[in-house]
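The values are calculated or read from the model by the stated rules, or taken from the named source; none is laboratory data. From a predicted model like this one, the values you see are computed outputs, not experimental measurements. No Cβ is skipped: glycine too gets one built from the backbone with ideal geometry, and neighbour counts run over all protein chains shown.
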Amino acid sequence: MNNKTTLPLIGILGVAVVGSTLAVATNAMRVGTDEYSFFDPIIDVSTLVNALYVEDPDAEALQRGAIEGMLEELNDPYTTFVPRRDTQDFSKDLTGEYVGIGAEVQIRDGWLTISSPLDGS
């Protein structure tokens, strides 16, 4: 091959390599952001509230409200969010172990009344 055909061929090859690399990188970036695009409006609102609200908002309360709102939309009484700081107590409640006198109590006619003993007590 002579220089007249080699240089254009190298140029075309270089453009093809750079083009395909950019195409792959752009596609990877688009795929990566699609899964997080759900959060874009939430982040936008949070940014505006933090920038424009008269008082300093309680970030934890805003986060808790957003989570509770999402779960409320499920209309499922059994779906709940347990904050990380409460998970140990929540897990303990799910074990079925209890401490006490071993009786079920109810309020009857304004009085605390033992209604039945608990099994195994």
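For region 47-101, the tally of residues that are of a type in the set (A, V, I, L, M), modelled with pLDDT of 85 or more and in contact with a helix residue (DSSP H, G or I) (Cβ under 9 Å, 6 or more places away or on another chain) stands at 4.
How many of the residues making up region 56-82 are within 22 Å of residue 44 (Cα to Cα) and among the polar types (S, T, N, Q)? Going through region 56-82 one residue at a time, the tally reaches 1.
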